[in-house]
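This report refers to the structure that appears directly beneath it.
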Amino acid sequence: MEQTAAEEDVVPLLEFGQVPMLARPVPALPDESDLPGGCVYEPKFDGYRAMLYMTGGRCRIQSRHGQDITAAFPDIVAAAEIELPDGVVVDGEMVVWGEDAYEFIQVQKRITGPPRVLGLSPASFIAFDLLMWDDDDLRGHPLSHRRRMLEVVLVDHMMPFQVVPQTTDRAQAADWMVEYSRHDVGIEGLVVKGLDTVYASGERGWLKLRFQDTSEAVVCSIVGPLEQPERLVLGVPAATGYDLVGWTLPLVAKHQRDVAELVVPRPETDQTLDQRLAAAAAGLEVHPVQPTLVVETAGQVEVLSSGWPELELTRVRPDLGPDEVGGPVA
């Protein structure tokens, strides 16, 4: 029988490069009945989203954007090829524990840094969903079923594999919010999921609530030398191009290094500056860059009628793309 066009477009689950399910931000902790089947609450670790594939006795790892990051995690690969069964696809988070907290920058260094950093800080894989087991596609099953199967697959496995903690008790989830934020252990907030929901690749069917009020924006220009940026001019996607929302406070040395490694210059003829920025940056060295690097700032970016706001950069987010950045608060 010949395949239809729709059938030909279906990507087999074990084929590398799947699109993960995503979460959308919410301003408050959802009630227990807000999602189908009731809510389950999970800590959101400060790590790097990844999908782990086991096929033919080999392990491969992809980022949320489909990038092959297998080489960055040889310790995870070695453990998976010994301990995990064939025919599984697991969704989760790559994390690295520092002195007293999970440290995103250590995971980032594994992916963007030199090979010598790979063995300096052991990585762990925190699993939160099982998409395939024994070559059976589980995405159409409810989350409650996938969770039970995930626990079966990983029941006897210790580090570097962990199953994410979860609770259906909103009061306990609220306590987690207080404790995790108080102790600053590298947990960003909570992810909330519906127990009856299927795994919908590419859809924002989960919810996320952060401890800190933060926003993402795209780096549109650099103030100062490209090799040692002093400030970043930030924007958010608009109908055409980007709306500029402000510039950062002077960068600390760590952020200067991170940005310098990741930005790509663009021709000076492409430069378009808001009149307020032009006045604020008068006499300063400004370089337009390709709008591909996402950063996180404290607070919410806003459309202001006057002035040029200064934003506090909290971290660089190479794991996000410009299409994942929302618009400013009107």
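A compact table of results
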quantity	calculated
Failed item, numbered, when TYR41 is tested on (1) at pLDDT 95 or above; (2) in a loop (DSSP other than H, G, I, E, B)	(2)
Residue, modelled with the lowest pLDDT, within segment 295-324, restricted to residues that are loosely packed, with under 15 Cβ neighbours inside 10 Å and in a strand (DSSP E or B)	GLU302
Matching entry among LEU131, LEU154, LEU150, LEU190 (being touching a strand residue (DSSP E or B) at 6+ places or on another chain (Cβ under 6 Å) and either farther than 26 Å from ALA72 by Cα or acidic (Asp, Glu) (or both))	LEU190
Contacts under 6 angstrom Cβ, first residue in segment 271-295 being in the same structural domain as TRP247 (by TED's automatic domain parsing), partner at pLDDT below 80, 6 or more apart	ARG276/TRP308; LEU277/TRP308; ALA280/TRP308; PRO288/ASP270; PRO288/GLN271
Lone unmet requirement of (1) at pLDDT 95 or above; (2) in a strand (DSSP E or B) for LEU35	(2)
Flag if VAL191 is part of a helix (DSSP H, G or I) and surrounded by 15 or more Cβ atoms within 10 Å (Cβ to Cβ)	no
Output for segment 235-254, where each listed residue is modelled with pLDDT of 90 or more and surrounded by 18 or more Cβ atoms within 10 Å (Cβ to Cβ)	THR248, LEU251
Residue match in segment 273-289 (condition: closer than 30 Å to ASP68 by Cα and at pLDDT below 85)	no
Residue in segment 141-155 that is in contact with a Ser or Thr (Cβ under 9 Å, 6 or more places away or on another chain), at pLDDT below 95 and surrounded by fewer than 21 Cβ atoms within 10 Å (Cβ to Cβ) present	no
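The values are calculated or read from the model by the stated rules, or taken from the named source; none is laboratory data. Everything numeric in this text was worked out from a predicted model, so none of it was measured. Every residue, glycine among them, receives a Cβ derived from its backbone with ideal geometry; neighbour counts consider all protein chains shown.
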